[in-house]
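Have a look at the structure below, then the notes.
The values are calculated or read from the model by the stated rules, or taken from the named source; none is laboratory data. Bear in mind the structure is a predicted one, so any value in this text is a computation, not a measurement. Positions of Cβ are generated from backbone atoms using ideal geometry, with glycine treated the same way; all protein chains shown enter the neighbour counts.
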Amino acid sequence: MRKILYLIAIVLGFLMPSRGQTVPKELWGKWNIRREVPTTTIACWGEEESKKLIGTELEYSAEFFRWQEVVTKNPTAEARSISAEQFHQENSGGGANGSQVDFRQLGIKADKATQVVIRHPAANITSATVEIPGDSVLIKGKNTIVFSICGVYFEAVRNAAPSRK
């Protein structure tokens with residue numbers, strides 16, 4: 001009987017839609033976008049758009065994700081460990097003259113990092129992308145994250161203690 005109940009639980013687990021996770025606690029708090037990270041990528045943003053991000057703020061919690069006035073309530077997120085090699089393969093392309101980005105360029109010294117992707121409705125930040133700055137980040141350290149938008153990489157630092165919600 002236990003085996004049957006166990007099998008039913010497994011089958012239901014596959015059939016039931018899974019609820020996404022909330023934003024991981026490691027990200028909770030406010031972050032200041034402090035600089036563009038130089039990389040060898042092909043970007044759909046120019047210098048003018050990139051400069052507008054420097055000095056702006058990201059905020060993450062279990063209840064919302066915010067960049068400036070753009071707020072996503074009750075965000076779902078996916079966190080995964082990604083190796084340096086896997087990151088390079090997934091984010092580089094186009095041959096010798098194409099985009100090339102790796103952990104070294106981003107200042108990540110570890111062989112693996114945690115990548116967090118936040119799901120949200122398409123945003124209208126610029127006509128070039130539906131991304132929201134900070135919706136897909138690499139955790140570089142306890143107080144530093146790296147993210148890209150439109151092929152341009154940025155670094156943000158924590159500017160307040162994480163929320164305790």
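Determine, yes or no, whether G55 is at pLDDT 90 or above and farther than 20 Å from V117 by Cα. Criteria met by G55.
Restricting attention to the range 66-77, which residues are surrounded by 13 or more Cβ atoms within 10 Å (Cβ to Cβ) and out of contact with any Gly (no Cβ under 7 Å at 6 or more places or on another chain)? Before the answer, list the steps.
Kept after step one, since they are surrounded by 13 or more Cβ atoms within 10 Å (Cβ to Cβ), are these residues of the range 66-77: 66-68, 70-72, 75-77.
Of everything in the range 66-77, those that are surrounded by 13 or more Cβ atoms within 10 Å (Cβ to Cβ) and out of contact with any Gly (no Cβ under 7 Å at 6 or more places or on another chain) turn out to be R66, Q68, V70, V71, T72, P75.
Residues in the range 108-124 that are modelled with pLDDT under 95 and either buried (at least 19 other Cβ atoms within 10 Å of the Cβ) or in contact with a Gly (Cβ under 9 Å, 6 or more places away or on another chain) (or both): I118, R119.
Scanning the range 125-139 for residues that are at pLDDT below 75 and assigned to a strand (DSSP E or B) yields a count of 2.
Residues of the range 64-75 include none that is part of a helix (DSSP H, G or I), in contact with a strand residue (DSSP E or B) (Cβ under 6 Å, 6 or more places away or on another chain) and modelled with pLDDT of 90 or more. Applying a threshold of 6 Å to beta carbon distances and a minimum spacing of six or more residues, or different chains, the list of pairs starting in the range 143-165 at a residue that is surrounded by fewer than 16 Cβ atoms within 10 Å (Cβ to Cβ) and among the polar types (S, T, N, Q) and ending at one that is modelled with pLDDT of 85 or more and part of a loop (DSSP other than H, G, I, E, B) reads S163/W28; S163/S61.
Sort through I10, I82, I33 and tell me the only one that's modelled with pLDDT of 95 or more, of a type in the set (A, V, I, L, M, F, W, C) and farther than 15 Å from E155 by Cβ. Show your work before the answer.
Numbers: I10 fails: modelled with pLDDT of 95 or more; I33 fails: farther than 15 Å from E155 by Cβ.
Step by step, each of I10, I82, I33 is checked, and only I82 is modelled with pLDDT of 95 or more, of a type in the set (A, V, I, L, M, F, W, C) and farther than 15 Å from E155 by Cβ.
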